[in-house]
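Have a look at the structure below, then the notes.
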Amino acid sequence: MAVEMLVGLHIIDDEAYQSYRDEMTPILQGYGGGFGYDFKVSAVLKSQTVAPINRVFTIYFSDAESMNSFFSNDQYLKIRRQYFEQSVTDTTIIATYER
């Protein structure tokens, strides 16, 4: 069964984050994954975390095994270290669910 996550981020470097997305997307697609929705958020009216959020998106996978394999993929982890870690200060997993 497909798995989807609703994620909130606090991005401090849009250009580096876009490079992260550009380079990781082909790997994501290789695991049967993709992005469903993607929003830049100007105001958070209610939150269950103190972490700031200025980007909200959904990311999906064909199944939980594919999701776990993607997030442990060596090439993905290299791209994450190179771009994500310098461009994102906070990550909030709002929900994970089957669809």
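What net charge do the residues around Met1 carry, taking every other residue with its C-beta under 14 Å from that of Met1, with Lys and Arg at +1 and Asp and Glu at -1? Taking every Cβ under 14 Å from that of Met1, the sum is -3.
Residues Asp38, Asp13 in ascending order of nearby Cβ atoms (within 10 Å, fewest first): Asp38, Asp13. Taking a point 7 Å from the Cα of Ala51 along the Cα-to-Cβ direction, the residues of segment 57-99 with backbone N closer than 15 Å to it are 57-59, 84-96. Reported to the nearest whole Å, the Cα centre-to-centre distance from segment 13-48 to segment 59-75 is 15. What the Kirkwood sum gives for the chain is a hydrodynamic radius of 13.9 Å, with every pair of different alpha carbons counted. As a proxy for reagent exposure, ranking Leu45, Leu28, Leu6, Leu77 by other Cβ atoms within 10 Å from fewest up yields Leu45, Leu77, Leu6, Leu28. Modelled label positions at Ile93 and Phe71, each set 7 Å beyond Cα in the direction of Cβ, lie 0.4 nm from each other. When the Cα positions of Ile94, Ile12, Val44 are compared along the charge dipole of segment 3-98, Val44 comes out farthest toward the positive end, with charges on each C-beta of Lys, Arg, Asp and Glu. Using only side-chain charges placed at the Cβ, +1 for Lys and Arg and -1 for Asp and Glu, the dipole size of segment 3-98 relative to its Cα centre rounds to 240 debye.
Other residues with beta-carbon under 15 Å from the beta-carbon of Arg55 carry, at +1 per Lys or Arg and -1 per Asp or Glu, a net charge of -3. Just name one of Tyr60, Gly30, Ile79: the one whose Cα is farthest towards the positive end of the charge dipole of the chain (beta-carbon charges, Lys/Arg +1, Asp/Glu -1). Result: Tyr60.
FYI, it's all coordinate maths here, none of it is from the lab. Source: prediction; values computed, not measured. Cβ: placed from backbone, ideal geometry, glycine included. Neighbour counts: every protein chain shown.
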